[in-house]
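Presented below is the structure to which this report refers.
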Amino acid sequence: MARTRPINAYKHERIDLEAQIIEAITRIGPRNVSEISRVTKAPVETIRYKIKKQFKNLGFRINAEPNYKKMGLTLFWAKISFAPQHLATAPQILNALNEIGYLVYYGKVVPHGYYSALFAIPDGRGDEYKGFLKYTQDTGVVQDFALVESLHTQHHSMNPRYFNFQTGKWEIDWKKVAMEKVKGDDDNQSKTDTAVDGLDLLLVKELQIDALQHVVAIARRLKIHPKTLEYHYRAHVEGLNLIPRYIVRWINDLDKSPPHSLVVTRLTLDGMSRDDSLRMRQTTNKIPFLWSEDNLRDGTYVAWLMIPLEETTTTFDFIHTSLPDLGTRMNVGFIKHWDTAMYNVPHHMFSKGWSFDVEEMKVRFKKVIAELARKEAGKAQR
């Protein structure tokens, strides 16, 4: 962390204050403004303005990252290729998989054409879920798929030292990036025998929607007694570490900004040895806009990067320079970010435990496909 300076000096070196605020958010969370003020020695109103206004206007978002393992869920990444006749309705089909089948993210990978999808599946049901995806293939909707468990997931905040908060632009010295020290793994994702309930999941879902919400405000809006929800927040969400940390990410107002302002990138390396994995992580973890990374059971490493357009070439050159021998084994895909969706923790699948009935999922999936076919037929007749 940069050395704290008197507040009247920040007008000359505002980057120091913003960097301190972002680092404090990842440790403390975004709602404890008084503690962030104490740590950074900046006025409470200044902190509140930067978190609620300035960061948002500059394209930063604060994400509450749930600990799926402590909720009894296991993450699986899938590659899903749809049959040609279902490509037009693929987003609607994937949206249905969130409703009926634990999908928490999807994005179309170009130029390859498949969808990268993340599922948070109840522990021990991975093989059964693979059977369900096989059913979608047998029906002719999905052309091909692969489903692999993520053994380790690591989420990352942006590195604020390479962002100029006065100009709103990245200013990256890649020589300094190469000298960065890589932090150790976040050990908050370890699996435990934690027992969660519906109110815990509701709180996590709400904080995913807006990490700045206060529990009392959530309780009032949802018409739940504030003391009840506050207890669940303190004893379970905080006490059981269901949200281990908050992540500050730069997305440059992805929904509104021109599609050429940033490149959402999926970088993979298959069949890695332990040494390859270590070297790969030592490199990607230095990149200021690394989003997240996964080590999959089949030995695949996956990194997600939100690269500013002007830094695309320099980013890949940095990776190649750092790992020249691994370049030919890397696979790069770009996410079509207007054909992507992120969902909250699948709280709607929980009722005194996670609901999981493959036969019911098949029935509901069949109804979804039939309804989409009827709608498409209606459009063709107009």
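The values are calculated or read from the model by the stated rules, or taken from the named source; none is laboratory data. All figures in this text were calculated on a predicted structure; none of them were measured in a lab. Methodologically, a virtual Cβ is constructed for each residue, glycine included, from the backbone with ideal geometry; neighbour enumeration extends over all protein chains shown. Just so you know, the surface numbers come from the protein's heavy atoms only, side chains and all, with ligands and any DNA or RNA stripped out. Shrake-Rupley method; radii C 1.70, N 1.55, O 1.52, S 1.80 Å.
Couple of notes before you dig in:
- Residue satisfying all of: in segment 190-220; in a helix (DSSP H, G or I), touching an Asp or Glu at 6+ places or on another chain (Cβ under 9 Å) and open to solvent by 30 Å² or more (accessible area, probe 1.4 Å); farthest from Gly124 (Cα to Cα) among these: Val216
- Ile28 falls short on exactly one of the conditions (1) buried (at least 16 other Cβ atoms within 10 Å of the Cβ); (2) farther than 18 Å from His155 by Cα, and that condition is (2).
- Selection status of Phe289, within 23 Å of Leu133 (Cβ to Cβ) and either of a type in the set (Lys, Arg) or under 25 Å from the mean Cα position of the chain (by Cα) (or both): no
- Residue in segment 265-278 that is closer than 26 Å to Tyr246 by Cα, at pLDDT below 95 and out of contact with any strand residue (DSSP E or B) (no Cβ under 7 Å at 6 or more places or on another chain) present: yes
- Any hit, segment 330-349, residues being within 23 Å of Ala178 (Cα to Cα) and in contact with a Phe, Trp or Tyr (Cβ under 7 Å, 6 or more places away or on another chain): no
- Flag if Ile243 is more than 15 Å from Gly29 (Cβ to Cβ) and of a type outside the set (Gly, Ala, Ser): no
- Subset of segment 276-306 (residues that are closer than 25 Å to Tyr114 by Cβ, open to solvent by 10 Å² or more (accessible area, probe 1.4 Å), without any contact (Cβ under 8 Å) to a residue 60 or more places away in the chain and in a helix (DSSP H, G or I)): Asp276, Ser277
- Single condition Phe119 does not satisfy, out of (1) loosely packed, with under 15 Cβ neighbours inside 10 Å; (2) within 15 Å of the chain's Cα centre (by Cα): (1)
- Taking (1) buried (at least 22 other Cβ atoms within 10 Å of the Cβ); (2) in contact with a Phe, Trp or Tyr (Cβ under 8 Å, 6 or more places away or on another chain); (3) at pLDDT 95 or above in turn, Tyr105 satisfies each apart from (1).
- Residue match in segment 318-327 (condition: modelled with pLDDT of 95 or more, surrounded by 17 or more Cβ atoms within 10 Å (Cβ to Cβ), within 14 Å of the chain's Cα centre (by Cα) and of a type in the set (Phe, Trp, Tyr)): no
- Residue count for segment 128-181 satisfying the condition of being in a loop (DSSP other than H, G, I, E, B), within 30 Å of Gln85 (Cβ to Cβ) and open to solvent by less than 40 Å² (accessible area, probe 1.4 Å): 2.
- When segment 307-345 is filtered for residues that are in contact with a helix residue (DSSP H, G or I) (Cβ under 9 Å, 6 or more places away or on another chain), charged (D, E, K, R) and assigned to a strand (DSSP E or B), only Asp339 remains.
- Test result for Gly353, surrounded by fewer than 16 Cβ atoms within 10 Å (Cβ to Cβ) and at positive phi: yes
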